[in-house]
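Trainee: Provided herewith is a single structure, encoded as structure tokens, for subsequent inquiry.
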Amino acid sequence: KAGVTQTPRYLIKTRGQQVTLSCSPISGHRSVSWYQQTPGQGLQFLFEYFSETQRNKGNFPGRFSGRQFSNSRSEMNVSTLELGDSALYLCASSLSPGELFFGEGSRLTVL
Amino acid sequence: AQSVTQPDIHITVSEGASLELRCNYSYGATPYLFWYVQSPGQGLQLLLKYFSGDTLVQGIKGFEAEFKRSQSSFNLRKPSVHWSDAAEYFCVWGPNYGQNFVFGPGTRLSVLP
């Protein structure tokens, strides 16, 4: 069974640009969430989607957005990139409450 | 606000020695608690989880953790550490609905040969 797949794995952008990251959950998992990992702030919850609806949202500015498609695949978008957005963005999926299965992440560098 | 603390930022142990990583959480309701491990350049892997019932839970790779409500703790233990255990360990609080997990700051484990 394939795990959570995130693309791209690495990307470099400049300030002011926007970026879209993709996540394919484990087959059958309908819940997808996104986390940002930085050395200074650690792992922080961005948002969660279930059946194409945003169920929870963390404390991030509106520049961070996401969506989920009918096949449970999810994308997150960051607009007007800032240097502080450089991070590892992790996607996780779950079948039931409690246990998250994480992808390897997309490492974003903003120059 | 909910929080999870891991007092030790970095721990170094010798291979074969025992290990205990500390974790405290600040919530009132019965939590879901987890330990995840992250190896360099890798995503997060679940080691073990506590939902309810027996307060001593067994996980993968020989790890175990004990939930102590009176101390708001969920410490991770392993009787004999292997060099491959070197990684970052995260204690995590999870809600009983949704995926807005709260991660501790992590403890980096180094293993000496």
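Trainee: For the interface of B with A, what's the total buried accessible surface in square angstrom, probe 1.4 angstrom, rounded to the nearest hundred?
Mentor: Details: alone 6230 and 6090 Å², together 10630 Å².
Using a 1.4 Å probe, the pair buries roughly 1700 Å².
Trainee: Could you tell me the relative contact order of segment B:4-113? Use alpha-carbon pairs under 8 Å, at least six residues apart, and round to a whole percent.
Mentor: On the way: 265 pairs, mean separation 41.5, N = 110.
Relative contact order of segment B:4-113: 38 percent.
Trainee: Restricting things to Cα coordinates, could you compute the convex hull volume per residue of the protein assembly as shown in Å³?
Mentor: Working: hull volume 28.2 nm³, N = 224.
Value for the protein assembly as shown: 126 Å³ per residue.
Trainee: So how far apart, in nm, are the two label points at B:Asp54 and A:Arg73 if each is 7 Å from Cα heading toward Cβ?
Mentor: Here the modelled spin labels are 4.2 nm apart.
Trainee: Report relative contact order for chain A in percent, whole number only (criteria: Cα-Cα under 8 Å, sequence separation at least 6). Each step should come with its number before you reach the end.
Mentor: On the way: 282 pairs, mean separation 40.5, N = 111.
Dividing the mean separation by the residue count of chain A yields 37 percent.
Trainee: Can you tell me the equivalent ellipsoid semi-axes for chain A? Use √(5λ) from the Cα gyration tensor, largest first, whole Å.
Mentor: Values: eigenvalues 100, 37, 33 Å².
Its equivalent ellipsoid spans semi-axes of 22, 14, 13 Å.
Trainee: A further question on this structure: What is the sum of charges around B:Ala17, taking Lys and Arg as +1, Asp and Glu as -1, for the other residues whose C-beta is under 14 Å from the C-beta of B:Ala17?
Mentor: Within the 14 Å Cβ shell, the charges total -1.
Trainee: Here's a follow-up. Net charge near B:Gly43: determine it from the other residues with C-beta under 13 Å of the C-beta of B:Gly43, scoring Lys and Arg +1 and Asp and Glu -1.
Mentor: Net charge in that neighbourhood comes out at 0.
Trainee: Can you tell which of B:Gln58, B:Gln38, B:Gln71 shows the greatest fluctuation in a Gaussian network model of chain B with Cα springs below 10 Å?
Mentor: Sorting by GNM fluctuation, first place goes to B:Gln71.
Trainee: Right, something else. How high is the relative contact order of segment A:52-108, in percent, with contacts defined as C-alpha pairs under 8 Å that are six or more residues apart?
Mentor: Numbers: 58 pairs, mean separation 13.6, N = 57.
24 percent.
Trainee: Among B:Ala65, B:Ala17, B:Ala86, whose mean-square fluctuation peaks in a Gaussian network model of chain B (Cα, cutoff 10 Å)?
Mentor: B:Ala17
Trainee: Here's another thing I want to ask about it. Note the per residue figure in Å³ for the convex hull of the C-alpha positions in segment B:56-113. Walk me through the numbers before you get to the answer.
Mentor: On the way: hull volume 6.6 nm³, N = 58.
Per-residue hull volume (Cα only) is 113 Å³.
The values are calculated or read from the model by the stated rules, or taken from the named source; none is laboratory data. Note that the structure is predicted; figures quoted are calculated from it, not measured. Note: ideal-geometry Cβ built from the backbone for every residue, glycine included; neighbour counts use all protein chains shown. Surface accessibility is based on the protein's heavy atoms, side chains included, excluding ligands, DNA and RNA. Shrake-Rupley method; radii C 1.70, N 1.55, O 1.52, S 1.80 Å.
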